[in-house]
Amino acid sequence: MEDVRFAVIGAGMAGLACAHELARADARVTVFERARGLGGRLATRRIGPLAFDHGAQFITTRSRSFSRHAETALRAGMLDAWRPRIMEDDRAWPAPIEDWWIGQPGMSALVRPLARNIEIHGGVAVHELIPSQRGWELQTDSGRQNVTFRAVAVAIPAPQASALLGPHGRSFKQIADVRMAPCWTGMFAFDPPIDAGADARRWTSGPIVWAACNSSKPGRPHTPQCWVLHASSGWSREHIDLDATEAASLLLQAFEDSVGYRLPTPVHQDAHRWRHALVEQPLGQSCLADEEMSAGACGDWCIAPRVEAAFESGRSLAQSLLSMVGLSSRMLRP
């Protein structure tokens, strides 16, 4: 039997969960990721001795399949529990009702087991999907790929997925109904350390909605003390065109205002702009697939703003694509 080739666009949790399930059904899978690393918003930035989990802060596990994935990562030393002291506005929180987990040694460790034995082209952005009689060809920033893929899975934020798939079927037009919010993330290191009242703080109003002491997480460097701040979606939209230096200065001032005292000058400060960070209006289904085109899309934006949702969406799309091309999904466990 001739090999069936799949292309997966995006190497975050959704894309690699999809690729992993396709590969388990003996399909040939190639993943294209425009960044150099894996994980998407499961990201940790390292600068010398400093470490900042500047995307997703933690994961929770609710479904059986994702809990099983987390258990595998835990046994492999790629996952650890984070039990921070928490405040919301000025009130202390009891312990979270569900466990919070982080990747080790960084957040992207959560996707690495899914990437084993998968062909991944990092640093390659896909700009256009070109339909042909035999399937799909891809136009990338390194040129047109000299490969035809039987089916394509697009596992990138909804606005980018819409740009790629929108021209190729009416069913993909509904991606435009998904709404995702931007987020400016501030990264600050203090030496000596500061006391912000808790290891993780949330605010229900104002420019800052989240502040976490990254150094309170197991396996992260303790000194200098590293903090990650997330701006509100409203503030991020209003300041979307700032450069990182300006954004970092404004976020530091907002953090000072939120904790109520003058902070020492950080030994390091920076900011990162996530243009598509948080799902505000999801698609409302596990994935989006077009049988006539042998293509589909997946991501947390299909279901809910959680890493687990991205995992479940990727698995769901894999099953749909396997069915479309006539491969058995009997190897897929629930």
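Among the residues of the stretch 213-243, count how many are part of a helix (DSSP H, G or I) and either surrounded by 16 or more Cβ atoms within 10 Å (Cβ to Cβ) or touching a Leu at 6+ places or on another chain (Cβ under 6 Å) (or both).
6
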| task | Exactly one condition in (1) closer than 30 Å to Arg170 by Cα; (2) over 18 Å from the mean Cα position of the chain (by Cα) is not met by Gly314; state its number. | result | (2)
| said: Looking for something at negative phi, in contact (Cβ under 8 Å) with a residue 24 or more places away in the chain, in a loop (DSSP other than H, G, I, E, B) and not charged (D, E, K, R) - is there at least one such residue anywhere in the stretch 160-172? | reply: no
| message | Against the definition (under 30 Å from Ser162 (Cβ atoms), among the polar types (S, T, N, Q) and either open to solvent by less than 20 Å² (accessible area, probe 1.4 Å) or at pLDDT 95 or above (or both)), how does Ser249 come out, yes or no? | response | no
| query | With Ala277, Ala271, Ala254 as the choices, which residue is assigned to a helix (DSSP H, G or I) and open to solvent by less than 40 Å² (accessible area, probe 1.4 Å)? | reply | Ala254
| remark: Glu128 vs (1) of a type in the set (D, E, K, R); (2) touching a strand residue (DSSP E or B) at 6+ places or on another chain (Cβ under 7 Å); (3) modelled with pLDDT under 95: all pass except (3)
| query | Does Glu246 qualify as being acidic (Asp, Glu), under 30 Å from Gly77 (Cα atoms) and not in a strand (DSSP E or B)? | reply | no
| query | Looking only at the stretch 264-274, which residues are more than 17 Å from Trp210 (Cα to Cα) and touching a strand residue (DSSP E or B) at 6+ places or on another chain (Cβ under 8 Å)? | reply | Pro264, Pro266, Val267, His268
| query | Out of all the residues in the stretch 257-268, which are in contact (Cβ under 8 Å) with a residue 12 or more places away in the chain and either surrounded by fewer than 16 Cβ atoms within 10 Å (Cβ to Cβ) or under 19 Å from Glu88 (Cα atoms) (or both)? | reply | Asp257, Ser258, Val259, Leu263, Pro264, Val267
| request: Pull up the stretch 94-136, narrow it to residues that are free of Cβ contacts under 8 Å to residues at least 24 places away in the same chain and of a type in the set (A, V, I, L, M, F, W, C), then point me to the one that is surrounded by the fewest Cβ atoms within 10 Å (Cβ to Cβ). | output: Ile97
| said: Whether any residue in the stretch 281-303 is assigned to a loop (DSSP other than H, G, I, E, B), open to solvent by less than 20 Å² (accessible area, probe 1.4 Å), over 27 Å from Ala151 (Cα atoms) and at pLDDT 95 or above is what I want to check. | reply: no
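If you check Gly40, Gly77, which single one turns out to be open to solvent by 20 Å² or more (accessible area, probe 1.4 Å), in contact with a Ser or Thr (Cβ under 9 Å, 6 or more places away or on another chain) and of a type in the set (Gly, Ala, Ser)? Give the derivation first.
Values: Gly77 fails: in contact with a Ser or Thr (Cβ under 9 Å, 6 or more places away or on another chain).
Among Gly40, Gly77, only Gly40 is open to solvent by 20 Å² or more (accessible area, probe 1.4 Å), in contact with a Ser or Thr (Cβ under 9 Å, 6 or more places away or on another chain) and of a type in the set (Gly, Ala, Ser).
The values are calculated or read from the model by the stated rules, or taken from the named source; none is laboratory data. It should be emphasised that the depicted structure is a prediction, and the values quoted were computed from it without experimental measurement. All Cβ positions, even for glycine, are placed from backbone atoms using ideal geometry, and neighbour counts span all protein chains on display. Ligands, DNA and RNA are excluded from the accessible area calculation, which covers all protein heavy atoms including side chains. Shrake-Rupley method; radii C 1.70, N 1.55, O 1.52, S 1.80 Å.
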